[in-house]
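The block underneath contains the structure these notes are about, expressed in structure tokens.
What follows draws every value from the coordinates through simple rules; no lab data is involved. Small disclaimer: the values here were computed from a predicted structure and weren't measured. No Cβ is skipped: glycine too gets one built from the backbone with ideal geometry, and neighbour counts run over all protein chains shown.
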Amino acid sequence: MEKTNSDYHQPVLMDEVMNAILIKNPGSYADCTTGGGGHSLVLASRLLAGSQLDCFDRDPDAIKAAGLRLASFDFINIHHRPFSEIRSVLNANSKDGILFDLGVSSHQLDDASRGFSFRDEQEVDMRMNPEDPLDALEFLQNTDAEELAAILRDNSDFEKAYKTATLILEGINKLEGPLYPEFFRTILKQVFPGKPHKMNSLLARLFQAIRMEVNSEKSELKQSLVDAVHILQSGGRLCVISYHSVEDRIVKTTLATFEKECICPPEVPVCNCGRSFKLLKKVNNKPLIPTASEVNANPRARSAKLRIYQKV
Ligand SMILES: C[S@@+](CC[C@H](N)C(=O)[O-])C[C@H]1O[C@@H](n2cnc3c(N)ncnc32)[C@H](O)[C@@H]1O
């Protein structure tokens, strides 16, 4: 069943994001992960005439849903592009606020035909943009056990990563026909016998690790955060919501380099980086997290962390 716009995705930390990002009105903003347009809709409805909002998503379903939902705002431009391309659309020093709400939308998880969820018995796919070249099966057919084990460790701290990776790739070599979640369940039962109570959490971590590779999530994020700093104008705000420790670490470490004046490595005796001032400062030292009542109403918000930075 096709979802209506309003149940495409329940946006998280709405008040916190609006309080952080809306520093100028009319102003110029970018939503790099538009999804169903939940954050963009509230932002747009608060913006005065003369504002501008650029909305990006790599998922055509999101572009369609957000297009319908945001159609009444003539100052919104919707771009079907990955956020690693924001710099080819947006000028340097042009935006008052940029939002990244990372990870997957509820629509991607709940629509079985998208192949993101281990709870469905639909073919596993995991591409946010179904036009991208490699789905999960093709990705696995093109990797080796060392690489897959490193991915499982790095992307989700997976225990017994090498054994799991080896069995997955042996199975993939013999697989005839489509890839279903049951394939991974069978392997995890062999690697972790006697732990049926842990099966869902193991599957969730395994799927997260593979999904991050299929969509190049880490490299997309690192590149785009750097680009966002260039695109913000002085005083502008960068708001990033992450959902797990790997994403959050990338946000902290990538943006930390902009919080320093000199970024030369310690062994360089005399500064040669030319950075004479900081480009960013943190607005709050600790990330903002959802209230208990938000988590109660929307359990998918439970791991969200909002980091807010201001361009100097
Ligand atoms: C958590 S949802 C965002 C939900 C949105 N804030 C809302 O209110 O509906 C994350 C969205 O980011 C998109 N996304 C993830 N990585 C992306 C990338 N590299 N480029 C563009 N969009 C991306 C996903 O397709 C998904 O629609």
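What the table shows:
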read-out	value
Qualifying residue in the range 42-56 (condition: of a type in the set (A, V, I, L, M, F, W, C), farther than 20 Å from Cys239 by Cβ and within 11 Å of the ligand (Cβ to nearest atom))	no
Test result for Glu131, in a loop (DSSP other than H, G, I, E, B), within 16 Å of the ligand (Cβ to nearest atom) and surrounded by fewer than 20 Cβ atoms within 10 Å (Cβ to Cβ)	yes
Candidate set: the range 13-61, residues that are of a type in the set (Ser, Thr, Tyr) and under 19 Å from Lys311 (Cβ atoms); chosen: the one surrounded by the most Cβ atoms within 10 Å (Cβ to Cβ)	Tyr29
Filter result for Leu203 (within 25 Å of Ser105 (Cβ to Cβ) and either under 24 Å from the mean Cα position of the chain (by Cα) or touching a residue at least 12 places away in the same chain (Cβ under 8 Å) (or both))	yes
Answer residue from the range 110-125, given it is within 16 Å of the ligand (Cβ to nearest atom) and either closer than 29 Å to Arg237 by Cβ or among the polar types (S, T, N, Q) (or both) and is surrounded by the most Cβ atoms within 10 Å (Cβ to Cβ) among those	Ser117
Qualifying residue in the range 157-166 (condition: touching a helix residue (DSSP H, G or I) at 6+ places or on another chain (Cβ under 6 Å), over 22 Å from Val246 (Cα atoms) and surrounded by 17 or more Cβ atoms within 10 Å (Cβ to Cβ))	yes
Strands (runs of 3 or more DSSP E) contained entirely in the range 12-89, each with at least 1 residues that are among the acidic types (Asp, Glu)	28-31, 52-57
Subset of the range 71-84 (residues that are within 11 Å of the ligand (Cβ to nearest atom) and surrounded by fewer than 24 Cβ atoms within 10 Å (Cβ to Cβ))	His79, His80, Arg81, Pro82, Ser84
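Table: residues versus (1) of a type in the set (Ser, Thr, Tyr); (2) assigned to a helix (DSSP H, G or I); (3) farther than 30 Å from Cys32 by Cβ; (4) away from the ligand (no atom under 16 Å from the Cβ).
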{"residue": "Gln108", "(1), (2), (3), (4)": "no, yes, no, no"}
{"residue": "Arg127", "(1), (2), (3), (4)": "no, no, no, no"}
{"residue": "Leu140", "(1), (2), (3), (4)": "no, yes, no, yes"}
{"residue": "Glu146", "(1), (2), (3), (4)": "no, yes, yes, yes"}
{"residue": "Ala149", "(1), (2), (3), (4)": "no, yes, yes, yes"}
{"residue": "Asp154", "(1), (2), (3), (4)": "no, yes, no, yes"}
{"residue": "Lys163", "(1), (2), (3), (4)": "no, yes, yes, yes"}
{"residue": "Leu167", "(1), (2), (3), (4)": "no, yes, yes, yes"}
{"residue": "Glu182", "(1), (2), (3), (4)": "no, yes, yes, yes"}
